1. Find how many whole Å separate the alpha carbon centroid of region B:354-427 from the alpha carbon centroid of region B:234-291.
2. Can you quote the Å³ per residue value for the convex hull of the Cα atoms in region B:123-209, rounded to an integer?
3. Report the per residue volume, in Å³, of the convex hull enclosing the C-alpha atoms of region B:83-127.
4. Tell me, what is the percent relative contact order of region A:1-137, built from C-alpha pairs under 8 Å that lie six or more residues apart?
5. How are the Cα pair distances of region B:327-400 distributed, in percent, across 5 Å bins from 0?
6. Can you tell me the mean projection area, over all orientations, of the convex hull of region B:1-146's alpha carbons? Units nm², please.
7. Per residue of A:137-145, what is the mean number of Cβ atoms on other protein chains within 10 angstrom of that residue's Cβ?
8. Go ahead and set up a Gaussian network model of chain B, Cα springs under 10 Å, then flag whichever of B:95, B:273, B:111 fluctuates most.
């Protein structure tokens, strides 16, 4: 059961990084496209800016969940590193509870926000609901919650995880 | 009491090692519960914190920096620096500082600068007879220039933390002289050390070869022309210039230099996603924290508190520097900017300090914080590349700290260093 859960979390991590990476690539292409349309074609496009902002929100919250699993969020470790092992375990346990609480808040009230704004439409994209712009908040909360559960229940992700395969390439 | 709930829970959660971003979020939620504010309002702020168009400059600058750092541009900038200062005594150490100046002008990240310049320079310096610890120290201290020299994505974060009212272009221009001053102070220290310890000098590069190297490096330096020229010429916004620079860096790396393999691009993107998402989460949650602070009138109370201590601008600037240096030893730059700006900026404005000038003071302090233990990301990266312990490096960093404090005092007490260049440009 634990192995299946770990596999599912690995797949989820890949999906989070994949969607975030794809969003970043698309944003990087559509902003210069907007500049091109404005100066070269002389026909300014109104959609690249709001689309980029929308993708940015997706990128932030999905990427943020992946960042939690990779344990690269900035934390102040001075006190944690200074105390004995039992106190350290207690502190890290409290951190996990606090993290889970934050993510639960993000999920529940984020969902509430999505529901409250679902019937409004985005001015630039009349087919899309405003609720969609807030959806990454509960989604990011839920994903992080699943990763917290993995850390507590299964332990650290496997050393073969894709998470660790992002070292910089050193050119000769 | 309200403020105590917000700031107390934040301090407590930070102390037990909770990620700073989530600490900002949870303490805002606790404070909202305490004053019976609807939770949806906090969620709205968290989401709104990340949907500002100017924020997009951050991922673009980080991505452009990563492409240039790994795609061979760093090596070419080192070669350019070699032809300019390599023949002086202690030349390779000077090359290291100058290459960081150049690279700072294209990457804007101290950590990226240390990783890319350090990988090229530290082994070369060791082979030429420079002590390993000195080589590492020059690399990590030189990289602080990247925080100040435009384009600095931390300047973008400061602009946002200040409510978006400060022009990013002004901040970019303001960073030019403080950044160069940093490099100049380090150059002075390196020259003195080189003469005292008898460091070697390299042979001058023949003119024909020098021209070829310079031409090869020009592709990289064009990035700064695109960014600054685009913004100052009114062609692009800061975000657009960052996106165009990103695309340009990609084209130069993959089609002109052709050192980087296509199959390595997903790894580069993976790393960029991690870096940027971490910063974006911080920004999102800090927007909620800032909102709660505003509701609880904490910036106004902090202003009253600080002004009760002294109303002398010089004394206050000294006090703020000490405070920021202390915070910088255990807080990373982005969280420090996001937490301190809403509290300290009103105090500074009240005392007549220009917000752009204060931004530079904040960045210099944060930059020094990046190389001070116990929490110094640039220091950690430098130690890993130089293969030296943090204790060894820290023992010999004192002359460098002294030099940087001197630069900090000059930036603090000579506002013209930061404000003259922006004053020439009107937007």
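1. Rounded to whole Å, the Cα centres lie 23 Å apart.
2. Once divided by residue count, the hull of region B:123-209 is 139 Å³.
3. Convex hull volume per residue, Cα atoms: 65 Å³.
4. In percent, rounded to a whole number, it is 21.
5. 3, 16, 22, 20, 14, 11, 8, 5, 2, 0
6. 11.7 nm²
7. Other-chain Cβ atoms within 10 Å of each residue's Cβ, averaged: 2.
8. Checking each option, the largest mean-square fluctuation is seen for B:273.
None of the figures in this text is laboratory data; all of them are computed from the coordinates on show. Bear in mind the structure is a predicted one, so any value in this text is a computation, not a measurement. Backbone-built Cβ (ideal geometry, glycine too); neighbour counts: all protein chains shown.
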